[in-house]
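Visitor: Before I ask anything, let me first share the structure, which is written out below as structure tokens.
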Amino acid sequence: MLNSAKRVEAIELSQIRKMFELTNPDAINLGIGEPDFNVPENIRTAMKRAIDEGYTKYTHNKGFIELREAIVDKLAKENNIKTATENIIVTSGASEALYDCAQALFEKGDNVLVPNPGFLSYAACVRLAEANVVEVSTPMENEFKMKVEDVQEKIDKNTKALIINSPSNPTGAVMDKKDIKGIADLATDHDFYIISDEIYEKIIYGRKNYSPAEYSDNVITINGFSKTYAMTGLRIAYMAANEEVTENLLKVHQYCTANASSISQMAAIEALTGPQESVKAMVYEFSRRRDLIVSSLNDMGYETVDCKGAFYVFPKVERANDFLEASREAGVIAVPGTPFGSLGENHLRMSYANSYENIEKAMDILKNLDY
Ligand SMILES: Cc1ncc(COP(=O)(O)O)c(C=O)c1O
């Protein structure tokens with residue numbers, strides 16, 4: 001049989017996706033990585049209108065100018081990032097943006113720093129670009145936050161980039177402003193890129209997230225619509241970079257997808273410029289569920305940290321695999337921590353993107369779990 005490329009054979013398909021394929025559909029699924037809310041009505045209407053009005057052709061490779069203008073305004077107002085429409089590329093999800101960054105920036109011999117535990121795609125994208133993954137520990141003792149000192153000790157002459165993700169998947173950790181600024185200063189001083197994945201920016205409880213691009217020019221900011229507006233299937237996100245990098249990012253984007261879906265782009269314009277009440281309501285509901293799941297787990301004796309963002313909790317659970325098997329049999333699905341990195345050992349990721357009632361039921365089941 002003909003071989004595939006070694007760099008592709010060497011990486012695995014997502015273990016989490018594989019696990020879901022085996023899941024009993026009647027179980028309560030706390031493994032989910034997408035909001036259980038519908039796309040807000042004003043956005044659905046904008047999409048229908050877009051179809052009727054014929055927004056179904058190729059768009060500018062970087063995306064509709066009206067969308068890029070709305071993104072530039074958003075970044076200026078909410079993130080203190082000054083950029084221009086030429087430096088924005090609208091992509092088919094943050095997943096594409098991450099892949100574009102890796103292909104445009106990394107090559108053999110480069111070291112790319114990624115959080116441990118961290119989102120699965122980071123290491124895979126680095127490896128697909130034949131660069132080396134260097135893990136930065138974000139341990140439970142630090143509430144899973146990435147710290148300047150921990151990044152600093154991993155920097156060497158081959159460091160090409162650092163990927164950060166605040167709020168984090170899988171831990172819900174929100175980085176401190178001083179670390180964001182300190183890490184941005186390191187990127188400027190040591191001349192490496194930061195790829196800042198801010199997809200959970202708005203799903204945050206009583207805090208604000210800070211963008212490293214406020215403090216350094218070496219930053220590529222990635223954000224999107226999947227989580228904030230429950231638009232996962234619409235595959236729409238964007239990245240903002242400096243001029244020099246944008247041209248190379250555009251080459252990868254252009255030869256890969258040409259442009260993001262025109263209908264989804266019209267939806268994204270409405271998302272950014274329309275009313276934001278549905279986002280507030282969704283985040284409020286997530287915060288209620290977070291309180292419920294965290295306090296229930298703590299009552300059962302499982303240690304958690306006070307995770308301030310995203311919709312995940314990452315409790316410490318000894319013999320996590322036994323727990324997972326018993327909970328699956330009892331009708332509750334969670335995700336093991338190990339696919340997210342070695343520091344995920346003895347942890348589980350539980351998502352609260354499920355109804356309050358289902359979380360209550362799941363917690364009742366787990367209280368009596370025998371494993
Ligand atoms: C941290 C993180 N980044 C990126 C993505 C991908 O988002 P998108 O749907 O925009 O491709 C996800 C999705 O789960 C995620 O958790």
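Visitor: List the relative contact order of the chain as a percent without decimals, with contacts defined as Cα pairs under 8 Å and 6+ residues apart.
Guide: Dividing the mean separation by the residue count of the chain yields 24 percent.
Visitor: Restricting attention to region 266-355, which GluC sites (Glu not before Pro) occupy a DSSP loop and are surrounded by at most 15 other Cβ atoms within 10 Å? If you can, show how the numbers build up before the last one.
Guide: Values: sites: Glu270, Glu277, Glu285, Glu303, Glu318, Glu325, Glu329, Glu345; in loops: Glu318, Glu345.
For GluC sites (Glu not before Pro) across region 266-355 that sit outside H, G, I, E and B with at most 15 neighbouring Cβ atoms in 10 Å, the list reads Glu318, Glu345.
Visitor: So what does the Cα-only Debye profile of region 203-355 read at q = 0.09, 0.10, 0.14 Å⁻¹, as log10 I(q)/I(0), no solvent term?
Guide: Here the Debye-derived log intensity ratios amount to -0.43, -0.53, -0.93.
Visitor: For the pair Leu13/Lys177, report the inter-label distance in nm, with labels modelled 7 Å from Cα in the Cβ direction.
Guide: 4.6
Visitor: Which of the pairs Lys82/Lys251; Lys57/Lys108; Lys154/Lys177; Lys181/Lys227; Lys108/Lys251; Lys62/Lys177 have their Cα atoms more than 28 Å apart in this structure?
Guide: In this structure, Lys57/Lys108; Lys62/Lys177 lie more than 28 Å apart at Cα.
Visitor: Related question: Could you compute Rg(Cα) / (2.2 N^0.38 Å) for the chain, with N its residue count?
Guide: 0.97
Visitor: Going 7 Å from the Cα of Glu130 toward and past its Cβ, which residues in region 1-20 have a backbone nitrogen under 18 Å from where you end up?
Guide: 3-11
Visitor: Additional query: Restricting to bridges with both residues inside the chain, how much of the DSSP beta-bridge set is antiparallel, in percent to the nearest 5?
Guide: Given both bridge residues lie in the chain, the antiparallel proportion sits at roughly 45 percent.
Visitor: For region 57-273, what relative contact order do you get, as a whole percent, if you take Cα pairs closer than 8 Å and at least 6 residues apart? Kindly include the intermediate steps, with their values, before the conclusion.
Guide: Working: 425 pairs, mean separation 59.1, N = 217.
Relative contact order comes out at 27 percent.
Visitor: Another question, if that's okay. Can you list the GluC sites (Glu not before Pro) in region 90-130 that are in a DSSP coil and have 13 or fewer other beta carbons within 10 angstrom?
Guide: Qualifying residues, ordered by number: Glu107.
Visitor: Rounded, prolate or oblate: pick one for region 119-161, where a ≥ b ≥ c are the square roots of the eigenvalues of its C-alpha gyration tensor, a/c under 1.5 means rounded, and failing that, prolate if a/b is larger than b/c, else oblate.
Guide: Oblate shape, in that a/c is at least 1.5 and b/c is the bigger or equal ratio.
Visitor: Once the Cβ-Cβ distance between Tyr371 and Asn80 is put in as r, and R0 is 51 Å, what FRET efficiency do you end up with, to the nearest 0.05? Working shown, then result.
Guide: Values: r = 48 Å, r/R0 = 0.94.
Given R0 = 51 Å and the Cβ-Cβ separation, E is 0.60.
Visitor: Leaving out same-chain residues fewer than 8 places away, which aspartates and glutamates sit with a Cα under 18 Å from that of Lys202?
Guide: Glu34, Asp36, Asp73, Glu78, Asp176, Glu214, Glu270, Glu277, Glu285, Asp291, Asp306
Visitor: Is the C-alpha gyration tensor of region 1-130 telling us rounded, prolate or oblate? Criteria: a/c under 1.5 is rounded; beyond that, a/b larger than b/c is prolate, otherwise oblate.
Guide: It comes out oblate by the Cα gyration axes.
Visitor: Let me ask something additional. Using only C-alpha atoms and all pairs of different ones, pull out the Kirkwood radius for region 57-273 in Å with one decimal.
Guide: The Cα-based Kirkwood calculation yields 17.1 Å.
Visitor: Helix-derived [θ] at 222 nm for the chain: sum -39500 (n - 2.57) over DSSP H runs of at least 4, divide by residue count, nearest 500?
Guide: -12500 deg cm²/dmol
Laboratory data are not the source of any read-out in this text; all were calculated from the coordinates shown. Being a predicted model, the structure only gives us computed values, none of them experimental. Note that we place each Cβ from the backbone using ideal geometry, even for glycine, and neighbour counts take in every protein chain shown.
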